[in-house]
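To start, the structure itself, in structure tokens.
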Amino acid sequence: MGSWFAELTREKRAKNTASSTKILLQRGIPFESKNSGAHLVVDAETHFVDFWPSGGRWIARDLAKTNGRGVFKMLKHIAKARRDA
């Protein structure tokens, strides 16, 4: 029973990684790929954001250590940081 769920989870995480990376590329957001794409260091101009696309987790390297989940919420954070700069 567990093996089909593990395979489904692996497929979902691989799909998340591919789609999140594609979104960043399409929007022209600069990033550096680490650990074969499992960790992306995203340039938000005023600071960097650590992003794990497989699960959507992100942590900003700003003073407040802002964090969240989801590529679109991270993009909102980056847009706000750029506006406020």
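Worth a mention:
- Residue count, segment 45-78 (criterion: surrounded by 13 or more Cβ atoms within 10 Å (Cβ to Cβ), more than 19 Å from A18 (Cβ to Cβ) and of a type in the set (G, A, S)): 2
- Whenever a residue of segment 43-72 is touching a residue at least 24 places away in the same chain (Cβ under 8 Å) and on the phi > 0 side of the Ramachandran plot, its partners that are surrounded by fewer than 17 Cβ atoms within 10 Å (Cβ to Cβ) and in a loop (DSSP other than H, G, I, E, B), lying with C-beta atoms within less than 6 angstrom and at least six residues away or across chains, give the pairs G56/G70.
- Filter result for E32 (of a type in the set (D, E, K, R), assigned to a helix (DSSP H, G or I) and modelled with pLDDT of 90 or more): no
- Counting the residues of segment 35-44 that are surrounded by 10 or more Cβ atoms within 10 Å (Cβ to Cβ) and not in a strand (DSSP E or B) gives 3.
- Among residues of segment 57-72, those that are part of a loop (DSSP other than H, G, I, E, B) and touching a Leu at 6+ places or on another chain (Cβ under 8 Å), counted: 0
- Scanning segment 14-30 for residues that are closer than 20 Å to F48 by Cβ and surrounded by 13 or more Cβ atoms within 10 Å (Cβ to Cβ) returns T17, S20, T21, I23, L24, I29.
The values are calculated or read from the model by the stated rules, or taken from the named source; none is laboratory data. This structure is a prediction, so every number in the text was calculated from the model and none was measured. Reconstructed Cβ throughout: ideal geometry from the backbone, glycine too, with neighbour counts over all protein chains shown.
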